[in-house]
Amino acid sequence: MSSTTPTPTQHRRNGGDLVVESLAALGADTVFGLPGQHALGVFDALRRSALRYVGLRVENNAGFAADAYARTTHGVAPLLVSTGPGALMTLAALQEAAAGSAAVLAIGSQVPLAGIGGGRHGYLHELTDQSASFRGVVKSVHTARTASQIPSAVAAAWESALSAPHGPVWLEIPQDVLLAEADVPPVAGLEARPRELLPRPELIAAAADRLTQARRPVILAGGGVVRAGAEAELLALAEQLRAPVATTFGGKGAFPWEHPLSLRSWMEDRYTTAFLEDADTLLVVGSGLGELSSNYHTFRPLGRVVQIEADLGKLESNHAALGIHADARAALAALVKEVGEREAGPDGDEDAPGSKAAGAAGRGPGDAPSPEAAVSDLLARVRDRIAGQHLDLEQQVLASVRDALPDGAVSCWDMTILAYWAWSAFDPRRTNALHSAQGAGGLGYGFPAALGVAVADPERPVLAVSGDGGAMYSIAELATARQYDLPVTWLIVDDGGYGILREYMTDAFGAATATELTRPDFVALAESFGVPALRTTPEQLRTDLAAALAAPGPSVVVLPVHLRMFAPTHLDS
């Protein structure tokens with residue numbers, strides 16, 4: 001036992017109390033985590049606070065749950081873990097939070113102060129420089145070396161996590177600091193003021209010039225629109241400009257799926273890529289045009305690009321543009337106002353150059369198809385391409401999932417073939433209702449993320465979708481689902497291996513290696529945790545999944561089936 005392990009005694013406020021008091025003062029009401037010896041001071045303090053603790057069985061899964069909680073609430077999700085192995089187990093989850101701009105505040109313990117500084121003192125969990133492991137993953141790294149530093153360090157980390165672009169941060173506090181008596185008053189009135197990222201007026205004016213003068217304006221909306229809550233502003237601007245809107249996989253739900261101007265999310269489709277390329281002005285908002293948003297970097301814009309991006313590192317990182325470093329909502333609101341003023345003209349002339357009326361006249365039947373007709377034509381070509389590949393089973397399964405899921409429910413998807421279909425073809429039916437690990441691409445996200453969503457909104461059922469390979473990463477969290485009685489239905493698509501890797505390897509090399517798996521009886525395994533489970537078929541999926549989602553508490557539905565991906569288009573570019 002460590003010499004600094006606490007012994008039962010009458011409690012005196014300590015560093016752990018300062019951590020939970022600081023979190024509560026900043027507005028937290030829920031924390032995720034998993035205890036460890038060096039972090040016992042903060043975990044003991046939880047029982048003296050009003051904070052709700054949700055404990056998972058693996059730190060990485062706790063990180064995924066916190067990630068989805070932050071995405072759901074648009075707020076900060078505290079994550080409490082211990083030193084060394086416990087801290088390092090969060091890295092994959094924090095990478096996904098960074099890629100998805102989820103505001104996770106990870107607070108880890110450290111070895112006692114005497115062991116910090118690079119020497120090898122032999123403390124349990126000791127790392128030469130623990131914080132160095134996080135610097136390349138999170139937005140910022142913070143340290144508190146005395147009890148009096150804790151409130152300010154927590155506030156600084158909170159502010160960093162919530163400043164645009166949102167993202168994960170790391171704060172570490174030594175074991176003895178967490179246990180030391182705190183000779184300061186209880187924390188009250190602590191403030192964190194996230195930095196506002198407003199657009200520069202001259203850039204908004206220049207962007208409005210380009211968009212109102214364009215004959216074929218098109219908008220590509222990314223995850224930054226969803227994270228900023230800018231859906232209303234996006235809709236208003238698109239309708240002002242009569243500009244078709246495509247959404248990236250991370251931006252699903254940012255624009256109404258059935259809107260006449262909706263190009264939907266077929267970002268791995270050459271027809272869609274060509275449509276975006278042909279715009280004379282393309283507005284990219286909340287996306288860095290990375291690999292999955294550019295059809296694997298085959299996208300080559302022919303016209304001018306305007307890019308609104310809160311992450312400075314993504315601004316013009318792939319394509320030259322009129323770059324606007326700003327929060328998506330603030331920038332879109334400014335554009336809506338500026339474009340609206342230009343539409344009216346200097347004297348309220350509705351036919352002024354660049355007005356909606358003038359723009360519509362420039363795209364009349366004798367000139368070019370209307371934007372709505374062009375959208376309809378593109379979607380028809382996409383449907384025809386998919387229809388020619390004999391993928392009826394895959395489309396049936398995805399449609400069954402959509403039909404079974406209530407309109408207001410959220411779905412969380414692991415890295416599995418059905419998720420790849422969902423990225424392109426699934427209508428979330430509301431904003432911020434589909435979360436996946438497509439940012440960093442790690443396995444195991446779906447189920448613990450769904451648990452985080454259910455913690456944030458326990459009144460709605462939540463769907464998690466995994467393959468059998470990904471399911472094994474988070475199978476222990478069935479115990480968490482049961483312990484907290486969370487309304488999560490877990491659909492496990494069981495094809496006996498890493499299905500998407502099987503396809504990739506077979507296509508590239510003619511055979512697959514290391515993709516086939518021995519897997520458990522998932523139904524029996526779920527039932528051993530006290531979680532109701534059943535095995536279904538593609539024909540019965542809609543009925544069985546709907547019944548599971550309607551039942552209280554957690555459940556598991558296992559679908560043994562081999563699914564295929566639609567053919568890629570980027571390889572021919």
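The values are calculated or read from the model by the stated rules, or taken from the named source; none is laboratory data. Given the structure is predicted, the values throughout are model-derived calculations rather than measurements. Virtual Cβ from ideal backbone geometry, glycine too; neighbours counted across all protein chains shown. Please note that ligands, DNA and RNA were not included when accessible areas were found on the heavy atoms of the full protein model with its side chains. Shrake-Rupley method; radii C 1.70, N 1.55, O 1.52, S 1.80 Å.
Ranked by the mean number of other Cβ atoms within 10 Å per residue, highest first, peptides 413-419, 217-223 order as 217-223, 413-419.
Normalised by 2.2 N^0.38 Å, with N the number of residues, the alpha-carbon radius of gyration of the chain equals 1.03. The ellipsoid equivalent to the alpha-carbon distribution of segment 94-161 has semi-axes of 23, 16, 8 angstrom, derived from the gyration tensor eigenvalues as √(5λ) and listed largest first.
Ranked by the mean number of other Cβ atoms within 10 Å of their residues, highest first, the peptides 151-164, 110-123 come out as 151-164, 110-123. Angle of helix 59-73 to the longest C-alpha principal axis of the chain, folded into 0 to 90 degrees and rounded to 10: 50°.
Calculated on the alpha-carbon coordinates, the convex hull of segment 42-177 measures out at 103 cubic angstrom per residue. The distance separating the Cα centre of segment 303-335 from that of segment 113-186 comes to 33 Å.
Dimensions of segment 28-85 based on its C-alpha atoms, expressed as ranges along the principal axes with the largest first, amount to 31, 27, 14 Å. Shown here for segment 222-269: GluC sites (Glu not before Pro) in loop regions (DSSP other than H, G, I, E, B) with at most 13 other Cβ atoms within 10 Å, namely Glu258.
The listed residues Lys139, Lys337, Lys314, once ranked by accessible area (1.4 Å probe) with the largest placed first, stand as Lys337, Lys139, Lys314. Ranking His125, His297, His319 from most to least accessible surface, computed with a 1.4 Å probe over the protein chains only, gives His297, His125, His319. Semi-axes of the equivalent ellipsoid for segment 134-248, computed as √(5λ) from the eigenvalues of its C-alpha gyration tensor and ordered from largest down, come to 44, 14, 12 Å. Listed peptides 452-459, 55-62 appear in the order 55-62, 452-459 once ranked by packing, highest mean of other Cβ atoms within 10 Å at the front. Taking the Cα atoms only, what angle lies between the long axis of helix 150-162 and the longest principal axis of the chain, rounded to 10 degrees? Once rounded, one gets 20 degrees.
Against the chain, whose longest principal axis is taken from its Cα atoms, helix 541-550 shows a tilt of about 50°.
Please report the net charge: other residues with Cβ closer than 13 Å to the Cβ of Arg564, K and R +1, D and E -1. Computed value for this residue: -4.
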